[in-house]
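One structure is given below, encoded as structure tokens.
The values are calculated or read from the model by the stated rules, or taken from the named source; none is laboratory data. Since this is a predicted model, take the numbers as computed values, not measurements. Glycine gets a Cβ as well: all are built from the backbone with ideal geometry, and neighbour counts include every protein chain shown. Each accessible area value is taken on the protein alone, full model and side chains, heavy atoms only, with ligands, DNA and RNA left out. Shrake-Rupley method; radii C 1.70, N 1.55, O 1.52, S 1.80 Å.
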Amino acid sequence: LTYCQEEGLFSTQRGSCEPLVLILDRACDPVTPLLTQWTYQAMVHDLLGIRNNRVDLSGKEVVTKVPQDQKQVVLSSQQDEFFKKEMYNNYGDLGIEIKNLVDDFQEASKMNHNIQSIEDMQRFVENYPEFRSKQGNVSKHVTLMTELSRLVEEGQLMTSSELEQEVACNGSLKSSTFWSEVCEVIRDPRVKQDHKVKLAMLYAVRFEKEGETVSRLVSELIDAGVPIIKANLVRGVLDYGGQGKRDDDLFGGSKSFFSRAQTAVKGLKGVDNVYTQHQPMLASITEQLFKGKLKEGDYPFHAQVPQVDAKQVNELIVFIAGGVTYEEARFIHSLQQQEGSNLKCFLGGNGVLNYKTFMQAMQLRHRLSQQH
């Protein structure tokens, strides 16, 4: 309606192609918000939370010693060059880059302490604000990395995450292949309840067709001390984004995108790719979009908005109703970085999800359904 009434607001340059707006439902991919993340920005949001570009480190659950002036820190790619460069980097490489950041700062610090003349003193005073700023920035990233490392080790996240990736990406294996490993993680007292539940939710979405899978998962969770209301999220996620609720096939057969995920990462080096092999469903949808293969029955055009040839699009606006993830933001970034591409991509949604907020949304959805 706004498009029709205020056409001037949406006008584009003469001769250019109209932007394409793609509106998706979070229910088409309930897997991505549940996966443990291993790139810097996504990891911080997953384990510590980012709200309005700020990370709160003042809580009792933060064990790492945090300087008084860094109880709340800003993570912004517009203000922090190191974060801008490393925000999509994986956990393994990130540790090396933070060590290099510390080493560079130590070298700069030695130079600043070598004051032997009036000119040296003047240069130090002129550079002091920048020096202090760098000191704060180094301290911030070291603190964040220390706390992330602690949470990864204490929560056995590498073990559970590798299993999550196998469940999500390996479309050729049967449920029995993973069942004993899933049960081991659920029964492990070192693994936090939320991580047990989200692994069970992923397993349920992946193998919902197979017999008593859901009830067995719920029983395992309850036996491991998980409250019934949380254990029932396994049923809740199927009600929200199970096979009958999705247009696309996430896992099964030749049409599945996730079943081809391992092919997509062939040739990549490093053990960290075991943890980052997953690609969001958004990758498959945009791939089909640019090839002109999206089914109009599943993705219809709005009747009052001009139809656009997707192959000619220079601007793509994606909005996911139900929230977006930083993994999807990373994919959109990579889409724009492709060599020879003039594509501008914008990603939006009603909130940025991590596994905690997604599970809370599932619980709220269940409560609201009980009231009607």
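Annotations
- Going through (1) outside any loop (DSSP other than H, G, I, E, B); (2) out of contact with any Lys or Arg (no Cβ under 8 Å at 6 or more places or on another chain); (3) farther than 16 Å from MET359 by Cβ one by one, VAL185 falls short only on (2).
- Residue within segment 75-90 that is within 13 Å of the chain's Cα centre (by Cα) and not in a loop (DSSP other than H, G, I, E, B) present: yes
- Look at segment 335-354: where a residue is free of Cβ contacts under 8 Å to residues at least 24 places away in the same chain and under 24 Å from GLY323 (Cβ atoms) and a partner is open to solvent by 30 Å² or more (accessible area, probe 1.4 Å) and not hydrophobic (A, V, I, L, M, F, W, C), sitting 6+ places away or on another chain with Cβ atoms under 9 Å, you get GLN336/LYS344.
- Where a residue in segment 284-298 is of a type in the set (Lys, Arg) and its partner, wherever it lies, is surrounded by fewer than 12 Cβ atoms within 10 Å (Cβ to Cβ) and outside any loop (DSSP other than H, G, I, E, B), with Cβ under 9 Å and at least six apart: LYS291/LYS311
- Restricting attention to segment 172-192, the residues that are basic (Lys, Arg) and under 25 Å from the mean Cα position of the chain (by Cα) total 2.
- Residue within segment 181-192 that is out of contact with any Cys (no Cβ under 8 Å at 6 or more places or on another chain), open to solvent by less than 70 Å² (accessible area, probe 1.4 Å), over 26 Å from ASP46 (Cβ atoms) and not β-branched (Val, Ile, Thr) present: no
Table: residues versus (1) within 30 Å of TYR203 (Cα to Cα); (2) open to solvent by 20 Å² or more (accessible area, probe 1.4 Å); (3) aromatic (Phe, Trp, Tyr).
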{"position": "VAL31", "(1), (2), (3)": "yes, no, no"}
{"position": "LEU34", "(1), (2), (3)": "yes, no, no"}
{"position": "VAL44", "(1), (2), (3)": "yes, no, no"}
{"position": "LEU48", "(1), (2), (3)": "yes, yes, no"}
{"position": "VAL55", "(1), (2), (3)": "no, no, no"}
{"position": "THR64", "(1), (2), (3)": "no, yes, no"}
{"position": "GLN70", "(1), (2), (3)": "no, no, no"}
{"position": "VAL73", "(1), (2), (3)": "no, no, no"}
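- Residues of segment 276-302 satisfying the condition of being open to solvent by 70 Å² or more (accessible area, probe 1.4 Å) and in a helix (DSSP H, G or I): GLU287
- Verdict on ILE332 being at pLDDT 90 or above, in a helix (DSSP H, G or I) and among the aliphatic types (A, V, I, L, M): yes
- Of all residues in segment 155-176, exactly one satisfies the criterion of being in a helix (DSSP H, G or I), closer than 16 Å to ALA204 by Cβ and either of a type in the set (Phe, Trp, Tyr) or open to solvent by 60 Å² or more (accessible area, probe 1.4 Å) (or both), namely SER176.
- The set of residues in segment 35-74 that are in contact (Cβ under 8 Å) with a residue 60 or more places away in the chain, touching a strand residue (DSSP E or B) at 6+ places or on another chain (Cβ under 8 Å) and not in a helix (DSSP H, G or I) comprises TRP38, THR39, LEU48, GLY49, ILE50, VAL55, LEU57, VAL73.
- Here LYS356 passes the criteria (1) within 18 Å of the chain's Cα centre (by Cα); (2) not in a helix (DSSP H, G or I) except the one numbered (2).
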